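Before any comments, here is the structure.
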Amino acid sequence: MESDYQHISVLADEIVEYLQPKKNQHFIDCTLGGGGHTGLILNKTAPKGKVLAFELDARARKAAKANLKQYNDRLIIVAKSYAHLQEQYGKHKKDLPQISGILMDLGLSSDQLDRANRGFSFKDDGPLDMRFDTKNQTLTASEIILEWPEDKLIKVFQEYGEVVSSRRLAKGLVSWRKTLPKQKQKAIKSSMLVGTILRILKISPTSLGRFRTHPATRIFQALRIAVNSELENLTKVLPQTLDILAPGGRLAVISFHSLEDRIVKHYFKNLNRGCICPPESPVCNCDTKPVVKIITKKVIKPTQKEITKNRRSRSALLRVIEKI
Ligand SMILES: C[S@@+](CC[C@H](N)C(=O)[O-])C[C@H]1O[C@@H](n2cnc3c(N)ncnc32)[C@H](O)[C@@H]1O
């Protein structure tokens, strides 16, 4: 890596194996990060294959540019959400007239997680921010905790964190924030939220050892998903990918938790479904044909070897389809 950006690409060999990039083919990377996966693709698609890559994080874009400088003439970086895939592809279609594959490596990078000032981790003490795009986006996790009404907090914790004590937590947080001095009502720090969560759940910091995962894990996940509209963006982009892919082109999605994976799995299944007539119908009259082949019959997970090398890969789930 040419910069101090830290991230190890997950399921890298599998991405190359399933996307099968070849000489002069064009690809789209919806989540460029530091450019790890894109670099592998550009290497295989030389001399003329291009990658159109989306990335919201300015630091990641800068790192990817530096890391991939030998490919600069074949890499187009878009500083927008992949939710705008179709519109942005339209602008660059003349450079990449046929798309052989699209990659989505969802979630956040190690670089984002490990930088205390980004506020993604409950282990570091930074401002509770969690925005992927710190330039154009305004909503932060701090604002959600300090300003959102109790019912919206419950919904965030339930839907995006599947947190069992969502009601108790939301109620506790709303009471707690009323006690904050004025200057702290503007922005809070990760450590304050972690301490408050433990107090509300009546967990003593000395007893944390008995939990398999820290009680704040799911709450931080839920806040991150809400701040960045992650599930909405995923739901918006999936149908756009199918319109853009050339027949025979593949879509590979790496997700990191069951909420994302569920969306991907159902979407793939529906596209692969033939007849949608009710089971009691004696003959088919819907004429629905599958529009994709499911390439990964079973979800692909990292090998033990990869997990040993990069523990953060352990929850990765890869699914791949091919457009018919
Ligand atoms: C797991 S990292 C990607 C790492 C990359 N595949 C690599 O090998 O280096 C996910 C990246 O997606 C970016 N991201 C998340 N949501 C996005 C969105 N809606 N649009 C564009 N980029 C997004 C994040 O900022 C982060 O850098």
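The values are calculated or read from the model by the stated rules, or taken from the named source; none is laboratory data. Nothing here was measured: the structure is a model prediction, and the numbers come from that model. Positions of Cβ are generated from backbone atoms using ideal geometry, with glycine treated the same way; all protein chains shown enter the neighbour counts. Heavy atoms of the whole protein, side chains included, go into the accessibility calculation; ligands, DNA and RNA do not. Shrake-Rupley method; radii C 1.70, N 1.55, O 1.52, S 1.80 Å.
Here is the link list: 48/94; 50/293; 22/298. Which ones come out longer than 21 Å on Cα distance?
Listed pairs above 21 Å: 50/293; 22/298.
Using the structure shown, list the pairs from 93/309; 65/301; 182/236 with a Cα-Cα distance above 31 Å, or answer none.
Too far apart for the 31 Å limit: 93/309; 182/236.
May I ask for the angle, rounded to the nearest 10°, between helix 150-161 and the longest principal axis of the chain, with both axes built from Cα atoms and the value confined to 0 to 90°?
50
In debye, nearest 20, what is the charge dipole magnitude of the chain about its Cα centre with +1 on Lys and Arg Cβ and -1 on Asp and Glu Cβ, if you could check?
Approximately 540 debye in magnitude.
Tell me, what is the percent relative contact order of segment 4-110, built from C-alpha pairs under 8 Å that lie six or more residues apart?
34
Tell me what the chain gives for mean residue ellipticity at 222 nm when only DSSP H runs of n ≥ 4 count, each as -39,500 (n - 2.57), the sum divided by the residue total, rounded to 500 deg cm²/dmol.
Mean residue ellipticity at 222 nm (helix-derived): -12000 deg cm²/dmol.
Could you state the angle between the C-alpha long axis of helix 166-178 and the longest principal axis of the C-alpha atoms of the chain, as a value from 0 to 90 degrees rounded to the nearest 10?
The angle comes out at about 50 degrees.
So what is the relative contact order for segment 115-270, in percent, with contacts set as C-alpha pairs under 8 Å and at least six apart?
It rounds to 26 percent for segment 115-270.
Less than 9 Å Cβ to Cβ from residue 100, Lys/Arg counted +1 and Asp/Glu -1: what total charge do the surrounding residues give?
Cβ neighbours under 9 Å give a net charge of +2.
May I ask which residue of 90, 201, 31 lies farthest towards the positive end of the charge dipole of the chain, with charges of +1 (Lys, Arg) and -1 (Asp, Glu) on Cβ and the Cα centre as origin?
201
Between beta-carbons, use under 9 Å as the cut-off and find the net charge around residue 11, counting Lys and Arg +1, Asp and Glu -1.
That works out to -3.
Subtract the Cα-Cα distance of residue 3 and residue 95 from 0.36 nm times their separation in residues, and report this length gain in nm to one decimal.
30.3 nm
Along the charge dipole of the chain, which of 248, 76, 6 sits closest to the positive end, that is, farthest toward it, with unit charges on the beta carbon of Lys, Arg, Asp and Glu (+1, +1, -1, -1)?
6
Where a Cα-Cα gap under 21 Å defines reach, which lysines qualify for residue 178, not counting those fewer than 8 residues away within the same chain?
In chain and number order, the partners are 152, 155, 186, 189, 202.
In whole Å, how far is the Cα centre of segment 1-75 from that of segment 268-293?
37
Under unit Cβ charges (Lys, Arg +1; Asp, Glu -1), what dipole magnitude, rounded to 20 debye, does segment 138-227 have relative to its Cα centre?
That gives a dipole near 340 debye.
Using only Cα atoms, tell me the angle between helix 217-227 and the longest principal axis of the chain; keep it within 0 to 90° and round to the nearest 10.
So the inclination is approximately 60 degrees.
So for the chain: antiparallel DSSP bridges make up what percent, rounded to the nearest 5?
About 40 percent, rounded to the nearest 5.
Using alpha-carbon pairs under 8 Å, 6+ residues apart, how would you state the relative contact order of the chain in percent?
18
Under 1.5 on a/c is rounded, so check that first for segment 118-247, then, if it is not, pick prolate when a/b is larger than b/c and oblate when it is not; a ≥ b ≥ c are the square roots of the alpha carbon gyration tensor eigenvalues.
prolate
So with the 1.4 Å probe, I'd like the accessible area per residue for the chain, rounded to whole Å².
Averaged over the residues of the chain, the accessible area is 51 Å².
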